[in-house]
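What follows is one structure encoded as structure tokens, with my remarks underneath.
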Amino acid sequence: MRTVVTSLFLTRHGETEWNLDGKIQGHKDSPLTMLGKQQAGWLCDALGSIQINAIYSSTSQRAYETAEILRGQREINIVKNERLMEINMGTWEGHERKHIETIYPDEYYVFSNTPHLYKPQNGGESFIQLQNRIIPTIRDIILEHIGKNVLIITHAISLKVIMAYFRGESLENLWAPPFMRHTALNKVVMDGSSVHIELYGDLSHCISLEA
């Protein structure tokens, strides 16, 4: 009996102005840079021959703009979902990471090294809260599109949490390589009761800008 195959293509938005400035974004936002738009264009080309049945995006503008580029010529509505947003980093958002690391060294150390123990004092989310927000959302998307190919555009930490779920890994090991760089592509294929990770943080579509 033939099994039904469902494929998720998950990626991060392109580079933004705050990424260049070293600022924490979280639920706040900044525009894509020219390179960020190019990164999305390269991934669009790489996905060009793949039939995409549905596209979901975080409500953050940087993710939605990336989704618009990735859609290309496909006549598909992009579904915005606020539960696909990045982890909320409270009062840290909009500040440079090096500033936060200097002012809140202990809390930032836990955030960066032992995420499973992180308890934010800045009004933001813990990694467990992010996990409890985003994983049920991914499950709902899968159930809505069984047997289809779905493209999801979200954020670096959100992607790490999603991929940890599919890989059966704990939050304790969340920061293990690879880091989710801009437009890094992840592919998860569900074939019956089996889950296969075909791509994890793949950047083969990116073109080097070095001379």
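The values are calculated or read from the model by the stated rules, or taken from the named source; none is laboratory data. Worth saying up front: this structure is predicted, and the values here are computed from it rather than measured. Glycine gets a Cβ as well: all are built from the backbone with ideal geometry, and neighbour counts include every protein chain shown. Each accessible area value is taken on the protein alone, full model and side chains, heavy atoms only, with ligands, DNA and RNA left out. Shrake-Rupley method; radii C 1.70, N 1.55, O 1.52, S 1.80 Å.
The table that follows gives values for the structure above.
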| item | result |
| --- | --- |
| Percent antiparallel among DSSP beta bridges (both partners in the chain, rounded to 5) | 55 percent |
| Accessible area of residue 62 in the full protein assembly, 1.4 Å probe (Å², nearest 10) | 10 Å² |
| Simple spin-label estimate for residue 191 and residue 145 in nanometres, 7 Å along Cα-Cβ | 2.0 nm |
| Computed accessible area, residue 79, all protein chains, 1.4 angstrom probe, square angstrom | 60 Å² |
| Sites matching GluC sites (Glu not before Pro) across the stretch 21-126 that sit in DSSP coil, with at most 13 neighbouring C-beta atoms within 10 Å | 75 |
| The stretch 64-106 residues near the modelled residue 45 label - backbone nitrogen below 17 Å, point 7 Å along Cα→Cβ | 69-73 |
| On Cα atoms only, tilt of 61-71 relative to the major axis of the chain in degrees | 20 degrees |
| Å² of accessible area per residue within the stretch 1-76, as computed with a 1.4 Å probe and no ligands counted | 47 Å² |
| Net length gained if the chain between residue 121 and residue 61 were fully extended (0.36 nm per residue, minus Cα distance) | 19.0 nm |
| Alpha-carbon Debye profile of the stretch 128-181, log10 I(q)/I(0) at 0.13, 0.15, 0.16 Å⁻¹ | -0.33, -0.44, -0.49 |
| Virtual paramagnetic centre 7 Å along Cα→Cβ of residue 21, amide N under 20 Å, in the stretch 61-100 | 61-66, 86-100 |
| Proximal charge balance of residue 39 [Cβ under 12 Å; K/R count +1, D/E count -1] | +1 |
| Which listed pairs, of 28/187; 37/187; 80/160; 37/119; 37/148; 28/98, have C-alpha distances above 24 Å, in listed order | 28/187; 37/119; 37/148 |
| Computed E for residue 3/residue 99 - FRET, C-beta separation, R0 41 angstrom, nearest 0.05 | 0.20 |
| Restricting the stretch 138-211 to chymotrypsin sites (Phe, Trp or Tyr not before Pro) in coil, as DSSP defines it, with at most 16 other Cβ within 10 Å | 175, 179 |
| Portion, in percent, of the accessible area of the stretch 118-192 that falls on carbon or sulfur, probe 1.4 Å | 48 percent |
| Förster radius 30 Å - calculated FRET efficiency between residue 204 and residue 35, Cβ distance, rounded to 0.05 | 0.95 |
